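Working notes for the structure below.
Nothing in this text is a laboratory measurement; each read-out follows from the coordinates by a stated rule. Computed from a predicted structure; not experimentally measured. Cβ coordinates were reconstructed from backbone atoms using ideal geometry, including for glycine residues, and neighbour counts include every protein chain displayed.
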Amino acid sequence: MCSMKITQNDLEQQVVQLEGKYKQLQTKYQALQISEKNIRIYLKNIMEANLPVTFYWMDKEGTFLGCNEMQALSYGFQTPEEFIGKNIYALGEMHGWDKKLCDAIRQNDIEVMTTGKILSREEKTVLEGNERICLSYKSPLLDDADQCIGVFGFSVDITERKVAEVALQKALTAAEAASVAKTEFIRNMSHDIRTPLTGIIGMADMISRVPDTEITKDSALDIHQAGRALLNLLNEIIETTQLESGDMLHKKGCFQLKATVDALIAIFKPTIKHKGLKLEVFYDDNIPHILFGQELLLHRIILNLLGNAVKFTDQGSISLEVSLLQKKTDKVSLKLVIKDTGIGIPVDKQEVIFDKFSRLSASYATPHKGSGLGLYMVKEFIKKLGGDIKVSSAPGRGAQFICTVQFKIPTSTQLKKYQSHLILNEIAPTILNQTHHKVRILLVEDNEMVQKATIFNLTSWGYDEVDVTPSGKQAIHNTLLKKYDLIYLDLGLPDMNGKDVAQFIRQDTHSPNQHTPIIALTAHADEKIRKECVALEINKVLLKPLLEEDFKKNLLEFLGQQQRLPIIDELLWVKRCGNDVQLAKETQHMMLEQLPRIKDHTTAALKEKNQAMFNQLIHQCESELLYCGLPVLEATTALLLIAIHENKQEEVKTLYQTFCDEIDRACQTLIKKG
């Protein structure tokens, strides 16, 4: 047996090795401590993270052992520690859940622990009075020996997503319904358009074959009525499109409600009489005589509702009631009731009738025609007037529509502007009579059929000095050679845009028509086109075709200020002085002194930029002219006041110069008259 001798050197080497291993162990221990600290930090961050996810874990009995902050907060606790120790039944009691709901959630936990499978389901809960829907994931919680000791779960709140899905489904359903309605609308329109077109073609063929007899006249009348029906249909479709795009802008102004109602009743009286119906009208005299607002919207509302009542009633009666609901210092609320004894509306259709393109029956299945847009627009117009509409009806028992609308009571300034319009209307017959056979008109239109129809209409209305040109270049040439009173300009010309023609006329200082009123004619006058035309100093934009009422309004508006009336109307002056000839002479001398002062004072007010004084003086002049016989100056003053109230500065400038010129002409004529 041999022995091993351990030297001092060996011992020292072993000590060094042991010290090295100790340092290594110490370093590893420190690293483990750091790692454990990091893990705790990481876990703390995860538990406190403000994520839209909640997670928790529980034992086999369903007692919560831990959770993240979001889970605790969602159940009304401040910290996760408050959540620990609770179970689903304790949470249910806190939030007023039904026991069946708690049993269902607990059953999910038991299923996870029993099967060992991950479970994914939607769960409904009520938190703080609001129902929430969560997508819940649950999996078994295992120990080191892979034995199930509880459940780990996390949830994502999908309430908003579910709401969005429901909204999307509703939108999809609505879109599908709209598509069906639009398809039906196209079918109806195909029928409604084809019917009058067939009549137009047939009547035109009859006129071409039959000599000039009563048949020809009747056929021509049928063509006119069929054409009007098509035009009304087209206008309804365009109006609906403008309504949805926001292009439909109706001006607000003063109007006489009673006059509006009376005019609408007059439209339907012949049909009502022809059908042997009884008409009852009630108008509340407590309604203010003059109102302020969008009269055209009210006109369209009553026109559609009264039109439907007449259309769907073959026997019995129709009634219209206009009454005052409420009156305040600045506005009124009105009630409109249109009632009939017609075919009635089924209860399940009484909401649908206000939908776009909606009809109770197809055009081809009923004698009652229509686009399915009328009641849709009525409802939209009533909304714009701050009201609502309700319907009460039953099949075979007629229908009753009850509407509420609101209008303003006009201010003194608005009333003065309205009175200026009334003055123009009062002298309108004189203006129109004086201008017959003297108005020179240029019609710029390339369509030969439209040319013939427009010339025929203008001639039949008494205006035969009409030049026609089919192109923009020819129109410009004509305006350089001859002075016109009115220019009707088609915007869609073959060689150049009508707006370019207008721009050329306005910019040519040598043209005798630089300031001649230009009225644009177009088939689609949306708001964008109107604004472009205004920028080019086009005076007005009208939809084709040119109707007599539009033409006469143009004459009144644009020729009332021109030298078409006598400067002094002796008969008018005497009449306004109570048929006292001596008084008329005295007031003529007074006006000869007063008019130059008015001119001087208004000019001074403008130089001093005293707009209030200027406006007051023009109003004063208007009032004084009511007792005189100076129609040209009176019309010019009325138009000037309208421009002032509408704040159209360029028009005010131009009209004021005309106003001063007319004062000079009136004074010169009075001096000559002696």
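Computed quantities for the displayed model
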read-out: Ile158 long-range amide H proximity, modeled H, under 5 Å; value: Ile133, Cys134, Leu135
read-out: Neighbour-count order for Ser317, Ser323, fewest beta carbons within 10 angstrom listed first; value: Ser323, Ser317
read-out: Of Lys607/Lys653; Lys416/Lys544; Lys278/Lys384, those spanning more than 24 Å from alpha-carbon to alpha-carbon; value: Lys416/Lys544; Lys278/Lys384
read-out: Positive minus negative residues near Thr404 (Lys, Arg vs Asp, Glu; Cβ under 12 Å); value: +2
read-out: Antiparallel DSSP beta bridges within region 439-559, as percent of all bridges there, nearest 5; value: 5
read-out: Net charge over other residues, Cβ less than 11 angstrom from the Cβ of Val322 (K, R count +1; D, E count -1); value: -2
read-out: Spin-label model distance (nm) - Thr159 vs Asp103, 7 Å beyond Cα toward Cβ; value: 2.6
read-out: Label-to-label distance, nm, for residues given as Leu583 and Lys528 (7 Å Cα→Cβ offset); value: 5.9
read-out: Length-normalised contact order of region 566-664 in % [C-alpha pairs under 8 Å, at least 6 apart]; value: 34
read-out: Karplus-derived HN-Hα couplings along region 253-265 (A = 6.51, B = -1.76, C = 1.60, θ = phi - 60°), whole Hz, x at Gly and Pro; value: x, 6, 7, 9, 4, 4, 5, 4, 5, 4, 5, 5, 4
read-out: Cross-link table Lys499/Lys540; Lys328/Lys648; Lys273/Lys339, entries beyond 20 Å C-alpha to C-alpha; value: Lys328/Lys648
read-out: Projected label distance in nm at Glu650 and Ala266, using a 7 Å step from Cα toward the beta-carbon; value: 3.6
read-out: Calculated from backbone phi, Karplus (6.51, -1.76, 1.60) coupling profile of region 379-386 in Hz, x at Gly/Pro; value: 4, 5, 5, 5, 4, 5, 9, x
read-out: Under 13 Å, Cβ to Cβ, from Leu168 - net charge with Lys/Arg +1 and Asp/Glu -1; value: 0
read-out: Residue-by-residue Karplus 3J(HN,Hα) for region 408-416, coefficients 6.51, -1.76, 1.60, Hz, glycine and proline x; value: 7, 8, x, 7, 4, 5, 5, 5, 5
read-out: Least to most buried among Ser511, Ser120 (fewest other Cβ within 10 Å first); value: Ser120, Ser511
read-out: Residues whose placed amide H lies under 5 Å from that of Gly342, excluding near-sequence neighbours; value: Gly398, Ala399
